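One structure is given below, encoded as structure tokens.
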Amino acid sequence: MANFFKNLFTRNSGLTTSQVIEKKTVISFFFFFLFMGGAIAGWTWLRRQPSDSGKTSSPIRSVLDVNEKIFDGLLSDKHLAKEYPVSQAANPARVNGDLGLKTPFDPVAWKMNVIKASGDTLKLNLDDLKKLPKTEIVFNFKCIEGWSQVTHWGGVRFSAFMKAYGLDEEAAMKYLGLSTPDKQYYVGIDMPSALHPQTLLCYELNGQPLPMNQGYPLRLIIPVKYGVKSLKRIGDMYFSNQRTPDYWSDKKGYDYYSGL
Ligand SMILES: Nc1nc2c(c(=O)[nH]1)N[C@H]1C(S)=C(S)[C@@H](COP(=O)(O)O)O[C@H]1N2
Ligand SMILES: [Mo]
């Protein structure tokens, strides 16, 4: 044993081959356990950090906040999500997520409630939106759960809608909020991303009215964000200078910004 420890501190040149192998093995194990211990201690520390209402621990939150600043800086009307030829669009497109779509719903009676800064509500139907210039987009729709699909959508630019209805005061606010008619699903979006030229109030998929399970009659399509933000079946639209509620961010601690 004493010899063994002595060998650890003897130059390799003074040792036999098997003593060198033994020495190297011991040193490898030493560092292995040192780093494992460090990793476990680090992980334990991270788990013990206070979290924002029990979801995301603060060191992770700060990394997400830094990411958000970087992505916010990168977002610009000149940076567009890549577009594809219509021929590459999936038909039928994959259906994912039915939160807020399960409550019995009368499509004929549907109106979008736009709750203005003054508190007044503008009630709009699909024809009101179809009167505005139509824009189509084919882009790679990305879900945070790890799939993506090139899909073809049609509707009116959110920014054009805001202009057409004189919602300037609202467009100057920091956040947009949307919820389904039954309020079971809701998303919050920073206004610069909402006003991005590729963000649509969308009423068509593959040139046809939206299928029921894809948000008939009107959904959001926001290519600069992960799919979670593209709320299907808009009921209410509202504006705030504080972050508007967001289903996945509030419930599970997903990144509020969810930018791409
Ligand atoms: N109302 C509502 N909108 C929703 C969801 C949902 O569950 N309910 N899921 C979101 C998620 S996670 C994704 S990836 C997209 C999927 O859109 P799709 O079903 O048209 O593929 O819708 C988003 N919008
Ligand atoms: Mo998703």
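The values are calculated or read from the model by the stated rules, or taken from the named source; none is laboratory data. Since the model is a prediction, treat every value here as computed from it, not as a measurement. Quick reminder, even Gly has a Cβ in these numbers, built from the backbone with ideal geometry, and neighbours come from all protein chains shown. Remember, those area values only see protein heavy atoms, side chains included, never the ligands or the DNA or RNA. Shrake-Rupley method; radii C 1.70, N 1.55, O 1.52, S 1.80 Å.
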Exercise. Take L64 and decide whether it is touching a residue at least 24 places away in the same chain (Cβ under 8 Å), away from ligand 1 (no atom under 16 Å from the Cβ) and in a helix (DSSP H, G or I).
Key: yes
Practice problem: With the condition kept exactly as written, say whether any residue in the stretch 139-160 is β-branched (V, I, T) and away from ligand 2 (no atom under 16 Å from the Cβ). | Solution: yes
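Looking for whichever is of a type outside the set (K, R) and under 30 Å from H152 (Cα atoms) here; the options are A89, A39. Which one fits? It would help to see each step written out before you state the result.
Working: A39 fails: under 30 Å from H152 (Cα atoms).
None of the others qualify; the one that does is A89.
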Exercise. For Q184, state whether it is in contact with a helix residue (DSSP H, G or I) (Cβ under 9 Å, 6 or more places away or on another chain), open to solvent by 40 Å² or more (accessible area, probe 1.4 Å) and within 14 Å of ligand 1 (Cβ to nearest atom).
Key: yes
Quiz item: Quick one: how many residues across the stretch 187-202 are assigned to a strand (DSSP E or B) and open to solvent by less than 10 Å² (accessible area, probe 1.4 Å)?
Solution: 6
Self-check item: Out of K24, K69, sole residue that is free of Cβ contacts under 8 Å to residues at least 24 places away in the same chain, surrounded by 10 or more Cβ atoms within 10 Å (Cβ to Cβ) and closer than 24 Å to I222 by Cα
Solution: K69
Quiz item: A81 fails exactly one of the following numbered conditions: (1) exposed (fewer than 13 other Cβ atoms within 10 Å of the Cβ); (2) at pLDDT 80 or above. What is the number of that condition?
Solution: (1)
Practice problem: Starting from the stretch 129-143, take each residue that is closer than 16 Å to Q214 by Cβ and list its partners that are away from ligand 1 (no atom under 14 Å from the Cβ) and among the small types (G, A, S), counting only C-beta distances under 6 angstrom and pairs at least six apart or across chains. | Solution: F139/A81
Quiz prompt | strands (runs of 3 or more DSSP E) (entirely within the stretch 108-177) containing at least 2 residues that are open to solvent by 60 Å² or more (accessible area, probe 1.4 Å) and at pLDDT 95 or above | solution = 121-124, 135-142, 148-157
Exercise. Please specify each residue of the stretch 74-98 satisfying the condition of being of a type in the set (S, T, N, Q) and within 16 Å of ligand 1 (Cβ to nearest atom).
Key: N91, N96
Quiz item: Across the stretch 216-232, what is the total count of residues that are under 18 Å from the mean Cα position of the chain (by Cα) and either on the phi > 0 side of the Ramachandran plot or among the aromatic types (F, W, Y) (or both)?
Solution: 1
Self-check item: Hits in the stretch 220-230 - residues which are away from ligand 2 (no atom under 11 Å from the Cβ) and part of a loop (DSSP other than H, G, I, E, B)
Solution: I222, P223, V224
Quiz prompt | Subset of the stretch 231-260 (residues that are surrounded by fewer than 20 Cβ atoms within 10 Å (Cβ to Cβ), in a loop (DSSP other than H, G, I, E, B) and not charged (D, E, K, R)) | solution = N241, Q242, P245, G253, Y254, L260
